[in-house]
Each structure stands twice: as structure tokens, then as C-alpha cells.
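Quick notes on the structure that follows.
All of the numbers you see were taken from the coordinates with simple rules; none came from a lab. Just so we're clear, the structure is a prediction, and the values are computed from it rather than from any experiment. We place every Cβ from the backbone using ideal geometry, glycine too, and count neighbours over all the protein chains shown.
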Amino acid sequence: MVDEAAHDIHDAMRLADQKMYSNKAKLKDTNERRIAAHKEATIRVMHEALGSGMWGMEFDEDGVMSSVNWSPEFREMIGYKDENDFPNKLESWSDLLHPDDKDMVLKEFNDTINDYSGQKNYDVEYRLKVKSGDWRWFHAIGRLLRRENGVPLSYVGMFVDITDRKKGEIRTRR
């Protein structure tokens, strides 16, 4: 009888212990999700206030670009809805560059990737054709994260719509 009672107590303690860890894991997951959602909402509000959108690119161990990610905010800025409408490909963006700006923008973009010293940052202003067919001005900045051997790891940046500022500059020059 005593052995059976001890066994029941041991089983009850083990079950309580499992439930405690399960509840703790759920709480942690909930808190982590809440914190992540808060950070994401903060970033969205910042992009709205700045009129900006982010972009990111990943590279494999050999420094070859393996993925591109255009943020929903950037897609929205240029009139696109989602990844089906504006795929996560470099050409989705580069094919829309203004012909007078394209060579300069792509040179700066690639020069930053190829600068293994890590001193060069991407910082350009250019025109991009938005979905409506209009040309809008953007200021883009980017920073490259590198592996210890200098090989690119990821390239992250942000676009800011500067069309109104550029229009003001043109009016001022007249």
C-alpha cells in the first residue's frame, strides 16, 4: 500500500512537473510572439513615417547572391500588392530603373558588394518606374554584412521616396 501511494505521488509530481514546463513554454512562446509582433509593428510605423521600405539579400559561402527580399512596405510604395505581383528577384527592381540612372545605380550596388575592405556603403538617388507607369525618385542606402574572410553574407537596406523633395529642387532651380 505504501509503495502504491509513493508511486501515485511520484506520478502526480511528474505530471505536475510536465504541466509546469509545458505552461512555461507556452507562456514564453506567447511573450516572444508578443514582443516580435510589437517590434514588427514599430518597424511598420517607422516606415510609414519615413515613406520607406526595406530590402535584403543573402549570399552563399562563395559570395553568390542566393535570395532577395523586398518588404511589403516597399512593394506598396511602388504600387505592387505582394510577391506574386513583384517577385523577390533582383530583376523585379533593376528592370524598373530609369535608363539614365541604371548604369550608375547598378555600378554602386555591385561596387559595394565587391569591396571586400568593407569601407564602401551603397548610397544613391535614382528614378524608378512604379506600377502606374510614373517615374518616382528614391534614395536608397545599403550596408553589407560580411563573413570573417570578407565574403558577403547579407546586404540590407532601405528605400525612401524623395519625389516631393526632388520636385521642390527642380522648382527652386527655375
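Quick look at the values:
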item: Neighbour net charge for Lys81 - beta-carbon separation under 12 angstrom, K R +1, D E -1; result: -2
item: Full-extension gain in nm, Glu169 to Asn84, via 0.36 nm per residue minus C-alpha separation; result: 27.0 nm
item: Estimated FRET transfer efficiency when R0 is 45 angstrom, pair Leu153-Ser132 (beta carbons, to 0.05); result: 0.80
item: Gain on full stretching of the segment that runs from Glu58 to Leu145 - 0.36 nm per residue minus C-alpha separation; result: 30.4 nm
